[in-house]
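Novice: Okay, here's the structure, questions in a sec.
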Amino acid sequence: MTVEIEIHQGSILEAGVEAIVNAANSQGWMGGGVAGAIKRAAGQQVEEEAVAQSPTPVGGAVLTGGGKTPFRGIIHAPTMERPAMRIPVENVGKATTAALRLAEAQSFSAVALPGMGTGVGGVDHTAAAISMIDAIRQFPARCLQRVVLVDVDSGMVTAWRRAVAEKDATL
């Protein structure tokens, strides 16, 4: 099954999906950026659930409840071992695939992801976008039907759109 990819600029907290993805660290701490916004909306218990399941390696993912959000769950997919680390682009693909794998295992039909590794991780928007689109396109979905890529950063949104257009042009 081919997964439908939607791209939007805005808050991941407004995505109409069953679960959202937090580009996490292996320790489960939810500090700034998207993680901080999710923690403020969902409540402290979500961070406590993530920390209780740590350490989660890059390439792994854990599920917590949605807390005070409308989501059935929050998928924490580490892009880095420790908070605020600079990371290689390979971690973006690993974290994206891990998030999709867990969404599939939970039988979610729709999930939203932010730009993975593009905040404190320091990965270039274009490189991250290509890695994420490749991971989504290569994912063998059965239940997962829709992936919403959503970010407040217009540069990330533009990079995703370019990556999709370039991949489509080569098909």
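Every read-out reported here was derived from the displayed coordinates using simple, explicitly stated rules and does not represent laboratory data. Quick caveat: nothing in here was measured; it's all calculated off a predicted structure. Quick reminder, even Gly has a Cβ in these numbers, built from the backbone with ideal geometry, and neighbours come from all protein chains shown.
Novice: Note down the magnitude of the dipole of the chain about its Cα centre, charges +1 on Lys and Arg C-beta and -1 on Asp and Glu C-beta and zero elsewhere, to the nearest 20 debye.
Specialist: About 100 debye.
Novice: Answer with one residue from GLY16, VAL62, GLY122: the one whose Cα lies farthest towards the positive end of the charge dipole of the chain, charges on Cβ with Lys, Arg +1 and Asp, Glu -1.
Specialist: VAL62
Novice: List the aspartates and glutamates whose Cα lies under 14 Å from the Cα of LYS94, skipping any in the same chain that are fewer than 8 positions away.
Specialist: GLU81, ASP134
Novice: Arrange the peptides 59-69, 133-143 so that the one whose residues have, on average, the most other Cβ atoms within 10 Å appears first.
Specialist: 59-69, 133-143
Novice: Given 0.36 nm per residue, what is the gain on full extension from GLN138 to GLU14 after removing their alpha carbon distance, in nm?
Specialist: Here the segment from GLN138 to GLU14 would lengthen by 42.0 nm.
Novice: List the residues whose amide H sits under 5 Å from the amide H of ILE7, counting only those 5 or more places along or on another chain, with H placed 1.01 Å from N in the peptide plane.
Specialist: Counting only residues 5 or more places away or on other chains, the set is LEU149.
Novice: Now a separate question. Multiplying the sequence separation of GLN145 and THR158 by 0.36 nm and subtracting their Cα-Cα distance, what value in nm do you get?
Specialist: 2.4 nm
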